[in-house]
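Student: After the structure tokens below, expect a handful of questions from me.
No lab work stands behind these numbers, since they all come straight from the coordinates. Quantities reported herein were computed from a predicted structural model and do not represent experimental measurements. Every residue, glycine among them, receives a Cβ derived from its backbone with ideal geometry; neighbour counts consider all protein chains shown.
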Amino acid sequence: MTHMFTRILIVCFFVLPSLAFAADKPAEVKLDTPTLQTTATVPAVADPKPAVAVQITRIGSVDFSRIGTESDRGTALKSLLITKKDKLQVKLDGKKKQLDKLKSSIEAKAATMTPQQREAKSKEFQKKVEDFQKLVQTSEEELMALQDKESKALYEAVEEAATVYGKANGFAAIVVKKELLYVGSSVEAQDVTDALIKALNQTGQKK
């Protein structure tokens, strides 16, 4: 997750102290007239407070589930995995039918077999079951390896498209949408999934 930085602007202002002028002037003494005192005060002058500049950070988010279901690369990957899965499933179904047939054959002949024959057939059948289980496991691993490889390639393509689009449109970062939990007031968040899907499709058409 991209770290977001908050810039704190410290605004300093200075207020000039108030200036006071006072003058005491004795009045002429005539018939005991009291002295008059005059005081003049100049109001304080403060510097105007500078405007605070707020910098907006642009953050983009991308919905990867839509990339997988709506982009050409995503739908092609889904089709590839389904085709591979169906091919492996056909192979497994064939082996399973062979096992079922062998089991039925052994059960049908079990009554006429000697104990030694039954034991030999049982071991033969168990060996084939173990081979089938290994085939199932390797088939699953083969399918997962293909999915991991192609998913990684798709992610790298999205990452490249996001880098180009982000730099061209002034984004500070583009993140996976589900990881964007909070957006502050100084951040402009925008869903860029449509733009990246378009960029991916255009890149695919050029190849």
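Student: Roughly what % of Cα-Cα distances in the stretch 50-114 sit above 19 Å, to the whole percent? Can you show the working numbers first?
Tutor: Numbers: 1419 of 2080 pairs.
Cα-Cα pairs of the stretch 50-114 separated by over 19 Å account for 68 percent.
Student: Order of 156, 150 from fewest to most other C-beta atoms within 10 Å?
Tutor: 156, 150
Student: Taking H placed 1.01 Å from N in the peptide plane, check which residues at least 5 places from residue 187 or on another chain put their amide H under 5 Å from its amide H.
Tutor: Answer set, sorted by chain and number: 57.
Student: With unit charges on the beta carbon (Lys/Arg positive, Asp/Glu negative), name the residue among 185, 60, 75 whose Cα is farthest towards the positive pole of the charge dipole of the stretch 57-206.
Tutor: Going by the Cα projections, it comes out as 75.
Student: So what are the three principal axis dimensions of the stretch 57-206 from its Cα atoms, in whole Å, longest to shortest?
Tutor: The principal-axis extents, from largest down, are 85, 36, 17 Å.
Student: Given H placed on each backbone N at 1.01 Å, which residues far from residue 174 in sequence or on other chains put an amide H within less than 5 Å of it?
Tutor: 60
Student: So, one more: What translational diffusion coefficient, to the nearest whole µm²/s, does the stretch 123-207 have by Stokes-Einstein, given a Kirkwood radius computed over alpha-carbon pairs, a temperature of 37 °C and 0.692 mPa s viscosity?
Tutor: Answer, rounded: 197 µm²/s.
Student: For residue 71, enumerate residues with amide H under 5 Å from its amide H, sequence gap 5+ or separate chain, H modeled in the peptide plane.
Tutor: Those qualifying (amide H under 5 Å, at least 5 residues apart or on another chain) number zero.
Student: How would you rank 165, 182, going from fewest to most other Cβ atoms within 10 Å of each one's own Cβ?
Tutor: Working: 165 18, 182 7.
In increasing order of surrounding Cβ atoms, one gets 182, 165.
Student: Rank these for me by crowding, 63, 194, going from fewest to most other beta carbons within 10 Å. Could you put the intermediate results ahead of the total?
Tutor: On the way: 63 18, 194 12.
Placing the least packed residue first, the sequence is 194, 63.
Student: Right, something else. Which ³J(HN,Hα) values, rounded to whole Hz and listed in residue order, are derived for the stretch 138-154 from phi using the Karplus coefficients 6.51, -1.76 and 1.60 in 6.51 cos²θ - 1.76 cosθ + 1.60 with θ = phi - 60°, glycine and proline given as x?
Tutor: Using θ = phi - 60°, the values come out as 5, 5, 5, 5, 5, 5, 5, 4, 5, 5, 4, 5, 6, 5, 5, 5, 5 Hz.
Student: Could you sort out which of 101/152; 91/152; 78/134; 95/149 sit more than 32 Å apart by Cα distance in this structure?
Tutor: Pairs exceeding 32 Å: 101/152.
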